[in-house]
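Quick note: the coordinates plus some simple rules give every number you see, no bench work behind them. Bear in mind the structure is a predicted one, so any value in this text is a computation, not a measurement. Glycine also receives a Cβ, built like all others from the backbone with ideal geometry; neighbour counts cover every protein chain displayed.
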Amino acid sequence: MKLGYCTITWGGVVGHPVGVTSVKDLFYLTHGPMDRAVADIAAAGYAGVEMFDGNLADYAERPEELRGILDRAGVQLVSVYTGANFIYADILPDELHRIRRAAELAAQFGAERLVVGGGARRAAGTTDEEYRRLGEALDRVTDIAEEFGLSASYHPHLTTIVESPDELERLMGLTRIGFCPDTAHLAAGGADPAAVIRRYSERIRHVHLKDFRRDPFAFLPLGQGELDFPDIVQAIKESGYDSWLMVELDEYDGDPRAAAEASRRYLEELLP
C-alpha cells in the first residue's frame with residue numbers, strides 16, 4: 001500500500017463563489033497555498049496527494065506551474081475530489097459538465113482517480129426517487145471518468161442522503177460506481193467502518209483514512225480519536241485492496257504539517 005494525503009487541511013473547503021449564480025462552475029476549493037500544501041505533504045513522508053477540482057481549475061491556464069510544484073516535491077497527484085447535488089433534473093447537465101471538466105483536468109495532471117461525493121437532502125425529505133436519480137447520475141459519472149482513463153468512486157459524506165449504513169445500502173444496488181470508504185464519515189453516520197469495508201470489499205477503488213471524536217465532534221489526526229484503525233486496516237487487507245491509502249483531515253485548528261506528520265507516524269507503527 002502507498003500513502004498519500006489530501007490538501008484540504010491547508011485552508012479547509014469552500015465552494016467557488018461563481019457557483020452561486022452558475023452551477024456549471026461550482027467547484028470545490030481549498031483556500032490555501034497549494035505549493036506549501038504539496039511541499040508539506042512530501043516533507044511528512046507521503047508519496048501522493050489528493051486535490052479538489054477547483055484547485056486544479058486554478059492551474060488550467062498555467063499547467064506547468066502545478067506540474068513543477070508536484071515534481072519539486074517528488075509526489076504524484078493521485079486523485080481529484082468533486083461532487084454535486086445529483087438529484088435535481090434541471091441542473092444535472094450543468095453538474096455533469098463540471099464533473100467532465102474535473103475529469104479532464106485530473107487526467108491532464110496525471111491523476112488516476114476521480115472521487116465523488118453528493119446527493120442532496122431536500123427540505124421535504126428523501127424519497128426512493130432521489131436514490132434512483134443519484135444512482136443513475138453516478139453511473140454517468142463513472143462513464144465520464146472512464147472516458148479519461150480514471151477510476152471513479154463514491155464517497156459517503158455527512159449532510160448528503162448517504163450518511164448511514166442503511167442509506168449506503170439503499171444506494172449501492174442502484175449504481176456501478178466504485179466505493180471510497182471514508183472512515184470518519186462512516187463512523188459519524190453510525191457505521192462500523194471496518195464492517196462497511198468488509199461488506200463492500202469488492203467495490204473499493206479508493207480509501208480515505210480519517211479519525212474523529214464524537215463528543216465534542218471533531219476530525220482528528222489518525223490515532224487521536226475513537227476509531228479502531230487496526231481493525232480497519234485489517235479489513236482493507238482482507239478486501240484485497242493494495243493501493244493508495246489517502247489520509248484526510250478536514251477542519252483542523254492546529255498546524256496542518258504537524259497533523260500530517262502525526263498521522264504518518266501512527267501509520268508507520270500500524271502498517272508492517
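Overview of results
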{"quantity": "Within the range 68-176: Cβ-based charge dipole about Cα centre, in debye rounded to nearest 20 (Lys, Arg +1; Asp, Glu -1)", "calculated": "280 debye"}
{"quantity": "Rounded to whole Hz, the Karplus (6.51, -1.76, 1.60) HN-Hα couplings of the range 84-91, x for glycine and proline", "calculated": "6, 6, 6, 9, 9, 4, 5, 9"}
{"quantity": "Built amide H within the under 5 Å cut-off of Tyr5, gap 5+", "calculated": "Gly48, Val49, Glu50, Val247"}
{"quantity": "Computed over the range 2-270: relative contact order in percent, which uses C-alpha pairs under 8 Å that are six or more apart", "calculated": "18 percent"}
{"quantity": "Extreme residue, positive dipole direction of the range 169-272, given options Trp244, Ala194, Gly178 (C-beta unit charges)", "calculated": "Gly178"}
{"quantity": "Shape box of the range 76-223 [Cα atoms, principal axes, largest first, Å]", "calculated": "42, 40, 28"}
{"quantity": "Solution diffusion estimate, µm²/s, Stokes-Einstein, the range 1-120, Kirkwood Rh from C-alpha pairs, 10 °C, viscosity 1.306 mPa s", "calculated": "109 µm²/s"}
{"quantity": "DSSP-defined antiparallel bridges as percent of all bridges, the range 2-270, nearest 5", "calculated": "15 percent"}
{"quantity": "Interchain or long-range residues, amide H under 5 Å from Ile87's placed H", "calculated": "Ala120"}
{"quantity": "Size of charge dipole - the chain - debye, nearest 20, with Cβ of Lys, Arg +1 and Asp, Glu -1, no other charges", "calculated": "220 debye"}
{"quantity": "Dimensionless Rg over Rh [the chain; C-alpha; Kirkwood]", "calculated": "0.94"}
{"quantity": "Computed [θ] at 222 nm, deg cm²/dmol, the chain (DSSP H ≥ 4; -39,500 (n - 2.57); rounded to nearest 500)", "calculated": "-12000 deg cm²/dmol"}
{"quantity": "Centre separation in Å (Cα based) which lies between the range 131-171 and the range 183-221", "calculated": "16 Å"}
